[in-house]
Amino acid sequence: RVVGTTRRPEKASMLEALGIEPIVLDVYDAKDLREAVVAAEPEIVLHQLTDLPAAMKTDDMASALARNARLREVGTANLVAAAAAAGARRMIAQSLAFAYAPGPLPHAESAPINPSATGVLSLERQVDEGPFDSVILRYGRLWGPGTGFDAPQPGGCAVHVDAAAYAATLAIEVGDGPYNIAEETGVVATAREGTELGWWSFLWLLGGSAGVVRNAIA
C-alpha cells in the first residue's frame, strides 16, 4: 500500500493511475501533514520533497533555489515530526551528490558537505537524528524522461531518473546512512552503493537519438 502526497489537486488522478492513494496537502502545514501521515500508518516514509521549476527552467533560478533550500529545512522538519508521530520505522530521503565541499576526488560519503549548502546539511541532519532507521540517497543531477534533460549535464555527477528511483526501492529494505547515487565518472565514490545497497553504477548506451539504458546490479 502506497500513499503519496501532492500540492496540486490536478496531480491526484496521475497518482491514482499509478496505484497510489493520493493526498493533497502542503508540507508547510504541519498540522495537516501530521494528521495525514499518522492516518496512513506508514512503515516507511520516502522523502522526495523539492520545490524546483520544471526542467530547471526559470528566469529567477536564485529564488527557486532559495525556496528549495527552505523546503529542505522547514519541510523536512515537519515531515520528520509527522513520521515520528506515526511510528514509522524507516525514512529514505533525497539529497545531493554534487554538494560536497572542494576536496580530493572522488568524494566518498564520509567527505564533508559544502557549508554553503545549508538546506542539504539541515535535511541530512534532521533525517539522521530522527527516531527511525534512515537512508540518505545523494543523487547526481537527474536526467532522462520527465527531467527536461535527455543526457547527463556537464559536471560529471549525474544519474538517470530510472536508476535513482530504483535505488529508492532498494533502500526500502536495506541500507543505512548516506549513499552516492551517481554514474561512475570519478567525481563521487560509488562502491558503497553497490556493495551495501545493492545498486551498481548505472550504465547507459546511446543508439542514434534514443537512449538504451540498463541497470547493473551487484
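A compact table of results
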item	result
Selection count where residues are β-branched (V, I, T) and surrounded by fewer than 16 Cβ atoms within 10 Å (Cβ to Cβ), scope segment 102-121	1
Yes/no for A84 being in a loop (DSSP other than H, G, I, E, B) and either basic (K, R) or under 22 Å from E173 (Cβ atoms) (or both)	no
Strands (runs of 3 or more DSSP E) fully within segment 90-209 counting 2 or more residues that are at pLDDT 90 or above	90-96, 133-139, 141-143, 158-160, 177-181
Residue match in segment 86-93 (condition: of a type in the set (G, A, S), open to solvent by 60 Å² or more (accessible area, probe 1.4 Å) and either closer than 30 Å to E183 by Cβ or touching a strand residue (DSSP E or B) at 6+ places or on another chain (Cβ under 7 Å) (or both))	no
Residue check for V127: touching a His at 6+ places or on another chain (Cβ under 8 Å) and closer than 19 Å to A83 by Cα	yes
Meets criteria (under 18 Å from the mean Cα position of the chain (by Cα), at pLDDT below 95 and not aliphatic (A, V, I, L, M)) for N68	yes
Total residues in segment 145-163, condition closer than 17 Å to Q48 by Cα, in contact (Cβ under 8 Å) with a residue 60 or more places away in the chain and surrounded by 20 or more Cβ atoms within 10 Å (Cβ to Cβ)	1
Residue tally, condition part of a helix (DSSP H, G or I) and surrounded by 13 or more Cβ atoms within 10 Å (Cβ to Cβ), over segment 3-50	13
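The values are calculated or read from the model by the stated rules, or taken from the named source; none is laboratory data. The structure presented is a predicted model; accordingly, all values stated were derived computationally and were not measured. Counting neighbours? That spans all protein chains shown, and the Cβs are built from the backbone with ideal geometry, glycine included. Heavy atoms of the whole protein, side chains included, go into the accessibility calculation; ligands, DNA and RNA do not. Shrake-Rupley method; radii C 1.70, N 1.55, O 1.52, S 1.80 Å.
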